[in-house]
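The values are calculated or read from the model by the stated rules, or taken from the named source; none is laboratory data. If you're wondering where the values come from, they're calculated on a predicted model, not measured in any experiment. No Cβ is skipped: glycine too gets one built from the backbone with ideal geometry, and neighbour counts run over all protein chains shown.
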Amino acid sequence: DKAGYKHFMAKEIAEQPTVLQGALAHYIDAAGGSVTLPDPGIDFAGIERLTLVACGTAFYACMVAKYWFEQIARLPVEIDVASEFRYREPPVTPGTAALFVSQSGETADTLAALRYMAGKADRILSVVNVAESSIARESDLALPILAGVEVGVASTKAFTCQLTTLALLVLKAARDRGEIDDAILADHLAALRRLPGIMNAALNIETATRDLAQELSEARDILFLGRGAMYPLALEGALKLKEISYIHAEAYASGELKHGPIALVDPAVPVIVMAPTDGLFDKTVSNMQEVMARGGKVLLITDAAGARTASDGVWKTLILPDVPPFLAPILYAIPAQLLAYHTAIAKGTDVDQPRNLAKSVTVE
Ligand code: F6R
């Protein structure tokens, strides 16, 4: 049931503040001071290394989580796409925990990667939407993301709920490892609890994305740029766009631009820059200016302060509400999704059932 929306994807984008709030209420204790996990739980004090494995959008959630686990919990993380992971035959050292992220919990490559790690890793964790899935059943600890049924083939609310669940796990890990104290943990949890409201406000950019979509839909190629934890968001924006609009889109870490991709820049290739004001903002802006100096047409996605300092000469600016830098990757999923959705509508493609794609990939 589309509940009055034109597509499941539109409904699932709009549902995000609500499902996120449910996920937060599930994992944050009533007093708001700690993260509670289902049995048997995990103590990250005894973990030395974390391996994160997934496919597609779930893999991009893992990429964001790598930045978080390393910066906030000081836990070394390696990540890989599930289709490559087991064929690398990675050696597994004691103290390693493995974490698999999957909406369906049935993705063949992710399940095979989990089975490769069973008996090798100290602990097998999963972050899943379907709680009765194979991946959940075969994990020592399965964390539900509580997104509700996701029908649209392009993943939207599952991505933001995966990120939210991973953010909670990162905070638990940081506390277990003594990297943050109770007061800082409580501050982070309070910020997370404000996120559904901020996300609600961010959905107001829908009209602005609709206005941009016609012009984007005429492009043959589109580039996405981001730095730090915004790099995986750029990848997610490009994946979403190609999945449902069939426009060729690619994402690069902003700093990689001058190592090759800048050769693609010309006025016919829109460049979408995801840059909240954070410690990396000035560097991203200088990459953006390199694009503009070569005639590139830039769509800047930032906050009010970013728009004030960096909008000169850009084609368009989309302004999102302020959010703590740690949580920006969750919020910036909204413009990535809405741009893809409205560009696909402008092209007239089948948004919920894109060609050649299946909701759950149960063959290798
Ligand atoms: C993208 C998308 C896919 C899935 C991928 C993994 O919009 O839906 O890239 O994210 O196939 O699927 P799950 O999460 O079910 O393992």
Positions within segment 180-200 being over 17 Å from L166 (Cα atoms) and surrounded by 15 or more Cβ atoms within 10 Å (Cβ to Cβ), in sequence order: I198, M199, N200
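Just to check your reading of the model, which residue among K66, K11 is within 23 Å of the chain's Cα centre (by Cα), within 16 Å of the ligand (Cβ to nearest atom) and among the basic types (K, R)?
Working: K66 fails: within 16 Å of the ligand (Cβ to nearest atom).
Unique residue meeting the criteria: K11.
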Subset of segment 112-131 [near the ligand (Cβ under 9 Å from one of its atoms), buried (at least 23 other Cβ atoms within 10 Å of the Cβ) and of a type in the set (A, V, I, L, M, F, W, C)]: V128
Residue within segment 321-330 that is more than 20 Å from the chain's Cα centre (by Cα) and either surrounded by fewer than 16 Cβ atoms within 10 Å (Cβ to Cβ) or closer than 14 Å to G226 by Cα (or both) present: no
Any hit, segment 143-160, residues being more than 16 Å from the ligand (Cβ to nearest atom), modelled with pLDDT of 95 or more and of a type outside the set (D, E): no
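From T343, T302, which residue is closer than 24 Å to T207 by Cβ, more than 16 Å from the ligand (Cβ to nearest atom) and of a type outside the set (D, E, K, R)? Full working, then the answer.
Values: T343 fails: more than 16 Å from the ligand (Cβ to nearest atom).
Testing whether each residue is closer than 24 Å to T207 by Cβ, more than 16 Å from the ligand (Cβ to nearest atom) and of a type outside the set (D, E, K, R) leaves just T302.
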Pair list, Cβ under 6 Å, 6 or more apart: segment 55-71 residue within 14 Å of I135 (Cβ to Cβ), other residue among the small types (G, A, S) and part of a helix (DSSP H, G or I): C55/A82
Failed item in (1) within 13 Å of the ligand (Cβ to nearest atom); (2) surrounded by 22 or more Cβ atoms within 10 Å (Cβ to Cβ); (3) at pLDDT 95 or above; (4) not hydrophobic (A, V, I, L, M, F, W, C), with S134 passing the rest: (2)
From A31, A3, A45, residue being over 28 Å from T349 (Cβ atoms), in contact with a helix residue (DSSP H, G or I) (Cβ under 7 Å, 6 or more places away or on another chain) and more than 16 Å from the ligand (Cβ to nearest atom): A45
Candidates A3, A23, A31, filtered to the one that is part of a loop (DSSP other than H, G, I, E, B) and closer than 19 Å to L192 by Cβ: A31
Criterion (hydroxyl-bearing (S, T, Y) and under 26 Å from H7 (Cβ atoms)) met by exactly one of T317, T349, T309: T349
Hits in segment 235-248 (condition: in contact (Cβ under 8 Å) with a residue 60 or more places away in the chain and touching a Phe, Trp or Tyr at 6+ places or on another chain (Cβ under 6 Å)): L235, E236, G237
Evaluation of L318 against (1) within 16 Å of the ligand (Cβ to nearest atom); (2) outside any helix (DSSP H, G or I); (3) under 26 Å from L20 (Cα atoms) (one fails), failing number: (1)
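Among residues belonging to segment 69-97 that are of a type in the set (A, V, I, L, M) and within 15 Å of the ligand (Cβ to nearest atom), point out the one that is nearest to L163 (Cα to Cα). Quick ask: steps written out before the conclusion?
Looking only at segment 69-97, we keep the residues that are of a type in the set (A, V, I, L, M), and these are 72-73, 75, 77, 79, 81-82, 92, 97.
Restricting the remaining residues to those that are within 15 Å of the ligand (Cβ to nearest atom) gives 79, 81-82.
Values: I79: 15, V81: 17, A82: 18 Å.
It comes out as I79.
Starting from residues that are small (G, A, S) and surrounded by 15 or more Cβ atoms within 10 Å (Cβ to Cβ), keep the ones in segment 1-21 and report whichever is nearest to I334 (Cα to Cα).
As a first pass, look at segment 1-21 and keep what is small (G, A, S): 3-4, 10, 14.
Right, trim to surrounded by 15 or more Cβ atoms within 10 Å (Cβ to Cβ) and you get 10, 14.
Values: A10: 11, A14: 9 Å.
The extreme case among them is A14.
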Residue count, segment 243-277 (criterion: polar (S, T, N, Q) and away from the ligand (no atom under 16 Å from the Cβ)): 2
Near pairs, Cβ below 8 angstrom, 6+ apart or cross-chain, from segment 13-36 (within 16 Å of N129 (Cα to Cα)) to any residue that is of a type in the set (A, V, I, L, M, F, W, C) and assigned to a loop (DSSP other than H, G, I, E, B): V19/L146; V19/A147; G22/L146; A23/I145; A23/L146; A23/A147; H26/L146; Y27/L37
Subset of segment 226-242 that is of a type in the set (A, V, I, L, M, F, W, C) and assigned to a helix (DSSP H, G or I) - its residue that is farthest from the ligand (Cβ to nearest atom): M230
Residue check for I272: free of Cβ contacts under 8 Å to residues at least 40 places away in the same chain, in contact with a helix residue (DSSP H, G or I) (Cβ under 9 Å, 6 or more places away or on another chain) and not hydroxyl-bearing (S, T, Y): no
